[in-house]
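Presented below is the structure to which this report refers.
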Amino acid sequence: MTTTTRTRPAALILTASAEARIADLMAKAPADAIGVKLSTPRRGCSGLAYSVDYVSDAKPFDERIDTPGGTLFVDGGSILYLIGSTMNWVEDDFAAGFVFVNPNAKGECGCGESFTV
C-alpha cells in the first residue's frame with residue numbers, strides 16, 4: 001500500500017504585491033537576516049497588532065512560508081490568530097504598508113492598527 005500525502009496549504013495567503021515587498025525588504029536586509037517575521041504583539045486599542053520585522057533565527061514553532069524573494073516566518077504564538085488571513089502590500093500617495101484581511105478578527109480599533117479575536 002502506498003501512502004499519498006498532499007502539500008499542506010500555507011496558513012497565510014500572500015498576494016503578489018506582498019511577495020514583492022518581502023523580496024524588496026530582503027534585498028536591503030541586514031547581513032544576518034534570514035527572513036522577515038510576522039507576529040501579533042499585544043498593543044493598541046483592541047489588544048493585538050500586526051508587526052513585521054527582520055529575523056536572524058527561526059524559532060522551533062514558527063510557521064515558514066517561502067516566497068520567490070525571501071522567507072516569511074509567522075510567530076508560533078500568533079499563527080492561530082492568523083490562519084486563513086491574506087497579507088497584502090498597499091501603497092498610495094500618502095501611506096504604504098502591509099494590509100491584512102483576517103477572518104479571525106472579531107473587531108478592529110477605529111484607526112485599523114489593532115484587532116481583537
Distance in nm between D53 and A11 label points, each 7 Å along Cα→Cβ, equals 1.8
How high is the relative contact order of the chain, in percent, counting Cα pairs under 8 Å that sit 6 or more residues apart?
29
Can you figure out the FRET efficiency of D66 with V101, using R₀ = 22 Å and their beta-carbon distance, to the nearest 0.05?
0.55
At what distance in nm do the modelled label points of I34 and T116 sit from each other, each positioned 7 Å from its Cα along Cα→Cβ?
3.7
Apply the Kirkwood formula to the chain: the hydrodynamic radius equals the inverse of the mean of 1/r over all pairs of different alpha-carbon atoms; give it in Å with one decimal.
15.2
Given charges at Cβ of Lys, Arg, Asp, Glu: the chain dipole, positive-most of G47, P9, M26
P9
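No lab work stands behind these numbers, since they all come straight from the coordinates. Here the structure is a predicted model, which is why all the values come from computation and not from measurement. Please note: Cβ atoms are built from the backbone with ideal geometry, for glycine as well, and neighbour counts cover all protein chains shown.
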